[in-house]
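Report on one structure; see the data block that follows.
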Amino acid sequence: MKFFSSSATNKVDAKGRVSIPAPFRKVLAGEGSPLLHLRPEVQGKPAIEGFGDAYYEKTAMELGRMAPTDPAFDALTDLMISRTSSMPLDETGRIVLPAALREAAGIEGEAIFVGRIHTFQIWKPENYYALQADLRATAEANFDKMPWGGA
C-alpha cells in the first residue's frame, strides 16, 4: 500500500514508547523514509500528525514558495516545521512520543493511529471517538464533492 489507511490502537508505556502500526511502517519503508516526522495537528485538534520524508519535503517546498517576510510564512513555518520532531523507528518499529506532543494530545496509556492518505494522526482514543458523529455528518453532507473524474 502506498498511503496511510485504516486505524489501530496501541499501548503507550510510561516512557511514551509506542509501536507504529505495521501497515504505516510499510508506507514509510516504501517511500524510503529513514525518519518518522511528528508535529501537533495543524488545525488545532488534540492530535499528533505523522508523516514520512516525502510529505515533509513537499510541505517545506510549498512553504519555501512563500515570501520569507510574510507574517503568514513565519506562522506556518513555526507550526509546520519548527514544531516537528523527527526520529527513526527502532528495530521493532517503536518510537518514543515526545512528552510535549503526548501532553498536547492528551495521550497516555493508549493511542489510536488513524490513516489520512499522505499523513496519519495519533489521538487519545476517547477524543477521536467523540468526533465520530460530527465526522460522519460532515462526510454525508459532502460526499458529492469528491471529484470522481467522470466515473
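The values are calculated or read from the model by the stated rules, or taken from the named source; none is laboratory data. Note that the structure is predicted; figures quoted are calculated from it, not measured. Heads up, the Cβs are rebuilt from the backbone with ideal geometry, glycines too, and the neighbour counts pull from every protein chain shown.
Data overview
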{"item": "Checking Val42 against (1) under 28 Å from Ala130 (Cβ atoms); (2) of a type in the set (A, V, I, L, M, F, W, C); (3) at pLDDT 95 or above, the condition it does not meet", "result": "(3)"}
{"item": "Some residue of the range 105-127 being of a type in the set (Gly, Ala, Ser), modelled with pLDDT under 95, assigned to a helix (DSSP H, G or I) and closer than 15 Å to Gly44 by Cα", "result": "no"}
{"item": "Residue, nearest to Pro40 (Cα to Cα), within the range 54-78, restricted to residues that are among the aliphatic types (A, V, I, L, M) and surrounded by fewer than 11 Cβ atoms within 10 Å (Cβ to Cβ)", "result": "Ala75"}
{"item": "Contacts under 6 angstrom Cβ, first residue in the range 11-37 being at positive phi, partner modelled with pLDDT of 95 or more and not in a helix (DSSP H, G or I), 6 or more apart", "result": "Gly16/Val96; Gly16/Leu97"}
{"item": "Given (1) among the hydroxyl-bearing types (Ser, Thr, Tyr); (2) in a strand (DSSP E or B); (3) more than 18 Å from Glu31 (Cα to Cα), number of the condition Ser86 does not satisfy", "result": "(3)"}
{"item": "Boolean, Ile81 is part of a helix (DSSP H, G or I) and either more than 25 Å from Asn127 (Cβ to Cβ) or at pLDDT 95 or above (or both)", "result": "yes"}
